[in-house]
Structure formats: C-alpha cells, structure tokens
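Below you'll find the structure, written out as structure tokens, and then a few comments.
A short reminder: the numbers here are calculations on the coordinates, not readings from a lab. These numbers come from a predicted model, not from an experiment. FYI the Cβ positions are ideal-geometry reconstructions off the backbone, even for glycines, and counts take in every protein chain you see.
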There are 2 protein chains.
Amino acid sequence: MARQLEEWISSERLEPGAQLPTERVLCERFGVSRAVIREAISRLKADGCVRTRQGSGAYVAALPGQGSFRIVGGTPDAPERLPREVSDVFELRYLIETGAAALAAVRREEQDLDRMRLALVRMREALASGADAVADDDAFHVAVAAATRNPQLERFQLFMARHLSESRAPTWSPAGHLEGWAEQAQDEHERIFGAIAAGDASGAHAAAAAHLVRAARRLGLDPQRWGAADNVEIEQ
Amino acid sequence: MARQLEEWISSERLEPGAQLPTERVLCERFGVSRAVIREAISRLKADGCVRTRQGSGAYVAALPGQGSFRIVGGTPDAPERLPREVSDVFELRYLIETGAAALAAVRREEQDLDRMRLALVRMREALASGADAVADDDAFHVAVAAATRNPQLERFQLFMARHLSESRAPTWSPAGHLEGWAEQAQDEHERIFGAIAAGDASGAHAAAAAHLVRAARRLGLDPQRWGAADNVEIEQ
DNA sequence: GATTCAAATTTGTCAGACAACTTCAGATCG
DNA sequence: CGATCTGAAGTTGTCTGACAAATTTGAATC
C-alpha cells in the first residue's frame with residue numbers, strides 16, 4: 001500500500017532538508033515496485049512536504065500536515081458538521097472578512113467594484129425570481145477579498161467559499177426566500193458594497209460584521225461574543 | 001509535464017462526481033506515458049479532489065482548492081518569497097492574530113495562560129543567553145490561538161507558524177540579539193500576555209497589532225496601511 | 001423479466017530500459 | 001599544490017509492455 005509508505009515517511013521524523021532514501025532502496029524496504037514508490041512520493045509532493053531534484057534525490061521540504069490548512073470536522077464518510085464546528089469556522093471567517101472589507105474600502109479599484117456589482121445584480125435577479133444564488137453570493141465575497149489586492153487573502157476567501165456554500169444554501173432556498181432571508185442578505189451585501197465603494201473602511205468593517213452576525217443567526221448560531229475583537233455593536 | 005495535466009484537469013470544470021477520462025485516453029491526449037498520468041492523478045488524490053476505484057475509473061470528489069489552503073509564493077524550484085508576498089502573508093496574519101488575541105482575552109483559561117508563561121520563560125532565558133527561540137516564539141502565538149477555545153483558529157495558527165518561522169529567524173539571530181530585536185519582541189509578547197491575562201480584549205488587540213507592525217518593520221516591510229481594519233495607532 | 005456468467009474495460013502493480021541530470025572522484029593543466 | 005576539466009556512477013523522470021484485480025457490460029439462460 002502506498003498509504004503505508006506515506007505514513008512511514010511521515011513517522012520517520014526527518015527534519016526539513018533531509019534526504020529521503022533513494023527510490024530503489026524504498027522499493028526493497030517495502031517490497032513494492034518503483035511505480036508505487038513514485039506515486040507515494042507524488043502525493044507527498046502534492047502535500048508540499050517533499051521536493052525532488054532530478055539526478056539528486058528527494059528532500060523533505062516541510063513537516064507533514066503543515067504544508068496546507070484544512071477545515072476539519074466530521075469524517076470523510078460523515079462530512080456533516082456539528083453546530084459548534086460551523087460556529088468556529090464562522091468565527092474564523094468573521095476575523096478575516098471584516099478586516100478584508102475594511103482593506104477593500106481603501107484599496108479597491110474600479111474593476112473590483114465591477115465584480116461586486118455583477119454579483120449583486122445577479123443576486124437581485126435571483127431575489128426577484130426566487131432562484132438560488134449561492135454561487136453569486138460566494139462570488140461577491142471573493143470579489144471583496146480580491147479588492148484588498150492581497151492574493152493570499154483572495155485565495156483564502158476562495159478556499160473558505162467552498163466550505164461556506166453549504167451554510168449559504170438555507171438563505172437562498174425556497175424557505176429562505178419566504179422567510180425574507182434572501183432579501184435581508186441582499187440588503188447587507190448592498191451596505192457592504194456601498195461602504196467599500198465610498199472608501200469608508202470602518203463602515204465596510206461594520207457592514208461586514210453585521211452581515212456575518214446576521215448570517216450566523218439565520219443558521220441558528222449564537223455569535224454573541226465574536227465582537228470581542230472590535231466591540232462591534234450588535235443591534236437586535 | 002505532469003503540471004500541465006493537473007492544470008488541465010483543474011480547468012476542465014468537472015462537477016463533483018463526474019468521471020475523468022481513462023488513463024489511456026489521457027495518455028493520448030497529452031502524448032505522455034501512463035506513468036506520468038498516474039503520478040499526476042496521485043497528486044490530485046493527495047489534494048482530495050479526485051478519487052479512484054479500481055476497475056471503474058477516476059472521479060472528481062471535490063473542486064480543486066476545496067480541500068486545503070496553502071500559502072503560495074515563489075516556485076517549486078525557487079521557494080524564496082518576494083518581499084511583497086511576505087507582506088501579504090503578514091497582512092493575513094494581522095487580521096487573524098489581532099482578533100485572536102482579543103478573543104483569547106475573553107475566553108482564556110488558566111491552562112492557556114500557563115502555556116503562554118512557559119513560552120515566555122523560555123524566550124526570556126534565550127534572551128539572556130543569546131540563544132535561538134524561534135520555536136518558543138511559535139509556541140507562544142499558538143498558545144494565544146489555543147486560548148480562543150476555537151480549534152479552527154488554533155489549527156490555522158499552527159499552520160501559519162510553519163511559514164512564519166523563517167520570518168522570525170532574524171529576530172532571534174545573533175544580529176537580532178545585538179540589534180535589540182529579541183528584547184523588543186519579548187517586550188511586545190509580555191504586553192500581549194498581560195492584556196490577555198487581565199481579560200482586556202481591546203488591549204490585547206492593540207498589543208498584538210503593535211507586535212505585528214513592529215515585527216514587519218524588523219523585516220524591512222511597510223505595514224502602513226494594515227491598520228485600515230481597525231484604525232490602530234502606529235506610533236513611530 | 002430476472003439471473004448468471006463470461007468477456008471487455010479500467011485501475012493497480014510489476015519489470016526492464018533509457019534519457020536527463022547531479023554528484024564526485026580522478027586526471028589534467030597551470 | 002591548487003584549480004579545472006572529464007567521465008563514470010548514481011538518481012530521478014519517462015517510456016514500454018505486461019499481468020493482476022476489480023468493475024462494468026452484455027449476451028445467454030432460466
């Protein structure tokens with residue numbers, strides 16, 4: 001099994017920079033062919049903890065598990081998350097997105113505003129027709145992150161969006177439309193956009209905070225103490 | 001190139017559950033052997049966005065980038081980062097850590113304070129002996145994140161520590177000791193701890209912000225506009 | 001129509017070979 | 001003696017062909 005080899009390499013406690021045994025040696029040690037060894041090393045390379053140089057060898061680049069960040073929770077078989085876990089992810093999102101909105105207000109360029117406008121228009125249409133606009137909701141928040149002109153922030157938001165799609169679904173569901181959730185979310189989005197377009201950093205921060213707090217409430221979460229970070233007023 | 005294939009598969013916008021072309025087909029399409037195709041697929045499997053079933057085929061399990069987040073920068077061949085990229089990462093860190101410090105001030109328990117004290121004591125010893133304390137520096141920041149009682153935040157900080165170790169190295173280098181950087185960093189850490197221990201959320205936020213701004217300056221970065229997120233006063 | 005079974009298909013693994021590149025010891029030259 | 005060049009050995013990257021294991025498919029059968 002390739003899995004076995006990966007675990008062995010991970011457990012070998014090789015320090016970054018250390019050279020792995022040659023493929024030939026690993027073949028003998030595990031009694032498998034070079035193809036299996038190479039595929040296992042491919043996975044380690046994808047994880048970022050091994051780098052290879054042709055003619056030289058394979059070297060440890062980072063400790064396993066530290067090359068990437070994953071949102072954990074549930075299991076591969078039962079991926080549903082506990083409310084507590086959703087709340088924790090939302091809190092992480094709160095820290096990033098409120099700050100990102102403020103930065104976006106300072107740095108946004110015209111093309112960023114265009115992206116936001118496009119997403120807003122589409123959500124408005126979905127609002128009128130009762131359709132699903134989760135993808136556009138994602139796109140709006142990614143556009144805000146992109147407006148910070150910080151690629152790392154945009155990538156992080158893109159990453160988070162996948163995990164948040166499921167949490168956005170209720171808002172845009174038929175029930176969400178009837179409950180007025182979609183309309184409420186749209187109003188919050190408009191406020192965020194307005195502040196960013198106006199270059200109002202603290203306003204954008206507050207608008208993003210309000211949006212996240214209300215979005216959490218729509219999911220039945222209790223975001224009472226998130227505001228500790230910046231004493232945001234949470235009007236009921 | 002295997003890289004090319006991965007990008008093609010990623011760009012093909014296959015929906016989760018969709019079946020990939022067979023290995024044989026991909027071989028013809030890219031003019032490479034099965035070994036190359038299989039290694040590329042191995043990496044996609046490691047990324048979690050492809051799953052294979054023997055005798056059946058390969059299927060898209062998730063969208064690329066969904067499974068994990070990693071800090072990008074440089075190239076696999078030249079992993080050194082540009083100042084701009086380091087600055088971007090610092091900005092992301094700024095958003096997370098200042099908020100985390102504030103939350104930690106509200107939620108910290110005695111055991112969290114103990115972890116921070118331990119790291120502080122070790123850094124104090126390193127300060128006296130002129131030794132390296134990058135690991136303890138990491139440990140302190142992870143302890144702060146742990147004090148938020150939010151596992152996702154702690155995991156994120158643990159993940160970031162890997163990328164930040166290199167940026168902390170100058171502070172604890174012999175030159176850093178001579179320049180007074182280590183002493184300065186230690187003072188900043190003490191302030192953060194003091195605010196968290198006192199349960200002062202806004203004070204912890206400000207102390208963390210000041211630490212990050214100064215740390216960035218020690219690296220020769222320009223953190224002038226980070227404070228847009230919360231109007232932090234940056235005294236020169 | 002439902003079941004059974006065998007053939008075709010596909011992934012997983014093995015073996016050997018060669019190309020591209022790196023490394024290093026030894027030869028060569030100043 | 002020291003620096004430089006050379007070539008052989010070692011290592012990863014890729015190719016080819018083959019077989020095993022699992023799944024899928026379709027025809028034959030009941």
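Put a label point 7 Å from Cα along the Cβ direction on B:GLY17, then list its distances to the equivalent points in the other copies in nm, shortest first.
5.0
Around B:ALA133, what is the net charge, scoring Lys/Arg as +1 and Asp/Glu as -1 over all other residues with Cβ under 13 Å from its Cβ?
Neighbour charge sum, excluding B:ALA133 itself: -3.
Determine the shielding of peptide B:102-109 by partner chains: average, over its residues, the number of Cβ atoms on other chains within 10 angstrom of each Cβ.
The mean count of partner-chain Cβ atoms within 10 Å per residue comes to 3.
Give me the compactness ratio for segment A:122-217, meaning the Cα radius of gyration over 2.2 N^0.38 Å.
Compared with the compact-globule rule of thumb, segment A:122-217 sits at 1.05.
At 7 Å along the Cα-to-beta-carbon direction for both B:ARG217 and B:ARG84, put a label point, then send me their distance in nm to one decimal.
Result for the modelled spin labels: 2.5 nm.
How far apart are the B:ARG51 label points across copies, placing each 7 Å from Cα toward Cβ, in nm, shortest first?
Relative to the other copies, B:ARG51 has label-point distances of 3.3 nm.
Rounded to the nearest Å, what's the spacing between the alpha carbon centres of segment A:36-60 and segment B:113-149? Just the number, please.
33 Å
Which distances, shortest first and in nm, link A:GLU28 to the matching position in the other copies, using label points set 7 Å out along Cα to C-beta?
4.2
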